[in-house]
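Report on one structure; see the data block that follows.
Bear in mind these aren't lab numbers, they're just calculated from the coordinates by the rules spelled out. Computed from a predicted structure; not experimentally measured.
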């Protein structure tokens, strides 16, 4: 594991929730820009456990908790994908 990753051992759970909510809000704004451009698909979140994708979709809040329960001893990474687009 690299030194720049935040892990469950060194961050409080309320901070994780706050961080995820901030990410979700930012991605929501990006998605609104994507959806307002005709012909462009939106985005989706995906969760990886030890480098393998284990979930993808839009309801990150619900599925992160479920995924955390399914993979309690794994390192989970949350990311999102979308089409290339100029946002400015």
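Cα-based Rg of segment 13-82 per 2.2 N^0.38 Å, rounded to two decimals?
Its radius of gyration relative to the 2.2 N^0.38 Å reference: 1.18.
Quote to one decimal, in nm, the extra length available between residue 26 and residue 56 on full extension: 0.36 nm per residue of separation minus the C-alpha distance between them.
9.0 nm
Give, in nm to one decimal, the length gained when the segment between residue 81 and residue 15 is fully stretched (0.36 nm per residue of separation minus the Cα-Cα distance).
On the way: separation 66, 0.36 × 66 = 23.76 nm, distance 2.38 nm.
Between residue 81 and residue 15, full extension yields an extra 21.4 nm.
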